[in-house]
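Have a look at the structure below before the remarks.
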Amino acid sequence: DSLKTITIPKNVKSIGNSAFNDCDNLLSLDVENAHASIGESAFRSCNNLLVADLGNCITTLEAEAFCF
């Protein structure tokens, strides 16, 4: 698991349930103002996530999307 940075482009409409669950090396997330929904537990247990720039266009944020 070496994923450290995730940039979600503007054309992405959905980040699925548990998509990045348990990515322990993830340090930063940038959603780039995508009009996206973030699914349940999408970033659950990303215990080292320091920066999450969600912009201002997230349409839905499901339960425990960022539960640590």
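Just so it is clear, none of the values below were taken in a lab; they were calculated from the coordinates. This is a predicted model, so every value here is computed, not measured. Positions of Cβ are backbone-derived with ideal geometry, glycine not excepted, and every protein chain shown enters the neighbour counts.
Structure data summary
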{"read-out": "Efficiency of FRET between N56 and N17 - r from beta-carbon atoms, R0 25 angstrom, step 0.05", "value": "0.60"}
{"read-out": "Per-residue ³J(HN,Hα) for the stretch 56-68, Karplus 6.51 cos²θ - 1.76 cosθ + 1.60, θ = phi - 60°, Hz, x for Gly and Pro", "value": "10, 10, 5, 8, 8, 10, 6, 4, 6, 4, 10, 6, 10"}
{"read-out": "Contact order relative to length of the chain, as percent, for alpha carbon pairs under 8 angstrom and 6 or more apart", "value": "34"}
{"read-out": "Per-selection Kirkwood Rh - the chain (Cα, Å, 1 d.p.)", "value": "11.6"}
{"read-out": "In the stretch 1-52, the trypsin sites (Lys or Arg not before Pro) that fall in loop regions by DSSP, at most 14 other Cβ within 10 Å", "value": "K4, K10, K13"}
{"read-out": "Note, ³J(HN,Hα) from phi for the stretch 16-22, Karplus 6.51, -1.76, 1.60, rounded to Hz, x at Gly and Pro", "value": "x, 4, 6, 4, 10, 4, 6"}
